[in-house]
Amino acid sequence: MDNLFAARSQMAVSLAFHIVFAAIGVGLPALMLLSHAVWLRTGSRAHLRLTRAWSKGLAIFFAVGAVSGTVLSFELGLLWPKFMEVAGPLIGVPFSLEGFAFFTEAIFLGIYLYGWGRVRPGVQLASAAIIAVSGAASALFVLSVNGWMNAPSGYVPGAPGTPPSIDPVAAMTNPFWIANTVHMLLAAYAATAFGAATLHAWRLLRDPANEMHRAGLRIAVGVGAVAALLQPVSGDVTARLVAERQPAKLAAMEALFETRACAPLLIGGIPDEEARTVRGAIAIPCGLSLLARHDPQATITGLEDIPEDEWPPVAPVHFAFQIMVGIGTFLAAVGAWGLWRMARRRPLHEPRALLWALVAAGPLAFVAIEAGWTVTEVGRQPWVIYGIMRTADAVTPMPGLVVPFTTFTLLYLVLAVVVIVLMRRIALAEEEAPAEDEPEGFPA
Amino acid sequence: MSAPDALAATILAVLVIYALLGGADFGGGVWDLLARGPRAARQRETIAHAIGPIWEANHVWLIVAVVLLFTAFPPAFAVIMTALHIPVTLMLIGVVLRGSAFVFRKVDPRGEGGPSGWQTVFAMSSLLPPVMIGVVAGTVSTPVLGYEDGVVTGGFLRPWLAPFPWIVGFFTLALFAFLAAVYLTLEARDEVLRADFQRRALASAASVAALGVVAAVVARDAAPELADHLANTGGGRLVVLAGALALASSVAALLARRWFAARAAAVLAVVLVLVGWGWGLHPWLVTGAVTVREGAAPPVTLRLVGWILAGGSVVLVPAFAYLYATFHGRVLFPQALRRDDDAPGG
């Protein structure tokens, strides 16, 4: 395995792992806040148990997210020191802000988790709200960095021997910033909510009368459905920005080799980079022009007009985009089904087909997040800073990177298994908790 | 003070806070590992109780330090992360395992009470980060890392596989363990447990002193500039002398069972160790490779970061104070502890 590939693989594994925990760290506080508020208003025991189960989950996901995020902040330098030398003074600004958001989140998570019976109920509820807001703020700042790598505003390389001219504020407020943030936040809320729905639906298949799981499913489906139904709008805005700023990425997403007006939208298909064709795709005439430019006759740049050494890997980006859109459509449909039942005051624990669809929705939603992230980051290749620095020029000279890559892969695999096992144990333990228990907090 | 110097001093201040808070959490892991005898379970309980609500917030200081480093001094970050890839990676593995195991132990419904596998992982992995942080701090104090045009000279092993970095590594571990033991004398809920941590504090203070002397001797050859700045300048001598006095005062206060005085002196000793290191290292960030002045980011970035730090502190300081008052209010001031000890069932 060559060093560049090992470095990219280690970064990919670290991000693929962290993004799950980061998304849940953004989404779960919102669910917990709703459940906690319902409990305080109504005194519903089911919502108390649900809040406790979710907060234990949050304790795990936040801690693992925090440590895997720490790893990433160092890996930026461990793997891409030359990128950081150029980018540090720019992306350090949003990262510094993110540091404070993260501080706030960690402080109030401590107060929330250990505050049962120690702080006033209003303070605890406010802590949950602060966690939810600061989690979203963290996403805002991290996505600014991601946006800058794709649309590097505020950076003008100097002539040889002279320093570049930089404007960190312009870099932070790059064109992708807000669109990416909205897309990621909606994805985080949808994936977390459907992830929770998976757990509750799976238990309701066995025990349809369980009040805690019914309560959990209502909140999860409500939040997940709204996020999933809004996501296509956000996706449309993002795709049009990509069309404008990163034609190579858009062409790879749609496996469009030929520059043309009335470009078709491809569904499925296997791109062949050598032959510059796509096999087995369903083509919707003028669909891509319509979506990317809101004009069926608009001309879309194909890969043929982009130097081949600036192509992203076409097949992975195309597949990832298809997966993301396909799953997103499924989630919106399941969410709409759930909302429709709730609007007519029908229970969500039947029919069983809905429960099975929800069991499938959670894992699929996280697959969609991974796929969407693949579209953004693999679609950015071969650049680490789009149009300015190639990934290959940023990698560390440190030899033998296959060793840390293997180490972190194994470490994260073990942690992933442990987290899944623990979530199941926590759900089962809350089901069996005695009915008269008081909210005194967790055992020390 | 120039803007780069102010930013470097800020990073040092962040590292001081990290040592005092996050460092002590790792030290708690050391005493969890070494818990022995009939009170082992209660010692571990005291440690877990002390760390529980605060370790994640404490940990953020490390991230702030690294973010400030790559924002304000990108070449220093690049050279450290390149040349010291291996010790930094080992530190990260410790960070991941420690944090994960600690929270797994807390939420695992089957893990309540009694030692579990998580507890062992937590305790063992607490050793790695302090040693590796010390190794990194030791290596950047020695003139072995070269850096020219984005290329690191000096190799990836030789610079840190030397005696001095490892002496600093174990010194750091001893220092964090000492700090934790001193804090735990106040966290302990009764006199017997307090005496346990008193003994541990005294033993680790002896290790800190011994390793400190060894480091000073070895530094003359290994880190000549650092040694020179500390031994031959007025400020350097003052910091070293004050640090030694603070450590001695902490020991004296421990022997006299004056716990709050012992903690204040221990905190002062740790502050002085880090201030002394910063004093000795200046003007370098990485000895022989990157200086504070030449390594600094453009002024616009330094200015923005200064504003962000000032603005962020307005939010951060009250929030941190509230966190500590809520969970450690009992041990923040002597009056509160006395009240609590007098209270029935406290």
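Observations on the model:
- Dipole of chain B, positive end: most advanced residue of B:Val208, B:Gly288, B:Leu304 [Cβ charges, Cα centre]: B:Val208
- Charge dipole of segment B:1-140 about the Cα centre (unit charges at C-beta), most positive-ward option of B:Ile54, B:Gly117, B:Met81: B:Gly117
- Percent carbon-and-sulfur accessible area, the protein assembly as shown, ignoring ligands, DNA and RNA, probe 1.4 Å: 68 percent
- For segment A:69-87, residues shielded by at least 20 square angstrom of accessible area compared with the chain on its own, probe 1.4 Å: A:Thr70, A:Val71, A:Ser73, A:Phe74, A:Gly77, A:Leu78, A:Pro81, A:Lys82, A:Met84, A:Glu85
- Size of charge dipole - segment A:49-178 - debye, nearest 20, with Cβ of Lys, Arg +1 and Asp, Glu -1, no other charges: 720 debye
- Binned Cα-Cα distances of chain A, short to long, each 10 Å bin given as a whole percent: 4, 20, 29, 25, 15, 6, 1, 0
- Rg over Rh, two decimals, the protein assembly as shown (C-alpha only, Kirkwood Rh): 0.98
- Look at the alpha carbon pairs under 8 Å that are at least 6 residues apart: their mean separation over the length of segment A:1-140 gives a relative contact order of 32 percent.
- nm² value of the averaged projected area, convex hull over the Cα atoms of segment A:8-76: 4.5 nm²
- The residues of segment A:49-200 expose on average 26 square angstrom of accessible surface per residue, using a 1.4 Å probe on protein heavy atoms.
- Cβ-placed point charges (K, R +1; D, E -1), dipole of chain A about Cα centre in debye, nearest 20: 1600 debye
- Between the helical axis of A:352-378 and the longest alpha-carbon principal axis of chain A there is an angle of about 30 degrees.
- Per residue, the solvent-accessible area of chain B (1.4 Å probe, heavy atoms of protein chains only, all protein chains present) comes to 39 Å².
- Only the Cβ atoms of Lys and Arg (+1) and of Asp and Glu (-1) were treated as charged; on that basis the dipole of the protein assembly as shown about its Cα centre amounts to roughly 2300 debye.
- Normalised by the number of residues in chain A, the average gap of Cα pairs under 8 Å and 6 or more apart makes the relative contact order 21 percent.
- Normalised contact order of chain B, rounded percent, pairs of Cα under 8 Å and 6 or more residues apart: 22 percent
- A cut-off under 14 angstrom between Cβ atoms defines the neighbours of A:Met389, and their net charge, with Lys, Arg +1 and Asp, Glu -1, is 0.
- Counting Lys and Arg as +1 and Asp and Glu as -1 over every other residue whose Cβ lies under 14 Å from the Cβ of A:Ala261, the net charge comes to -1.
- Environment charge at A:Asn174 (Cβ cut-off 14 Å; Lys +1, Arg +1, Asp -1, Glu -1): 0
- Taking trypsin sites (Lys or Arg not before Pro) in DSSP loop states with no more than 11 other Cβ atoms inside 10 Å as exposed sites, chain A has its longest site-free stretch at A:1-343.
- Here is the interface size for A with B: some 5800 Å² of accessible area buried, both sides summed, with a 1.4 Å probe.
- Given charges at Cβ of Lys, Arg, Asp, Glu: segment A:1-128 dipole, positive-most of A:Leu79, A:Val93, A:Met1: A:Val93
- For segment A:330-375, the solvent-accessible area with a 1.4 angstrom probe is 48 square angstrom per residue.
The values are calculated or read from the model by the stated rules, or taken from the named source; none is laboratory data. Fair warning: this is a prediction, and the values are worked out from it, not measured in the lab. All Cβ positions, glycine included, derive from the backbone under ideal geometry; neighbour counts span all protein chains shown. Areas reflect the complete protein model, heavy atoms only, side chains present, ligands, DNA and RNA absent. Shrake-Rupley method; radii C 1.70, N 1.55, O 1.52, S 1.80 Å.
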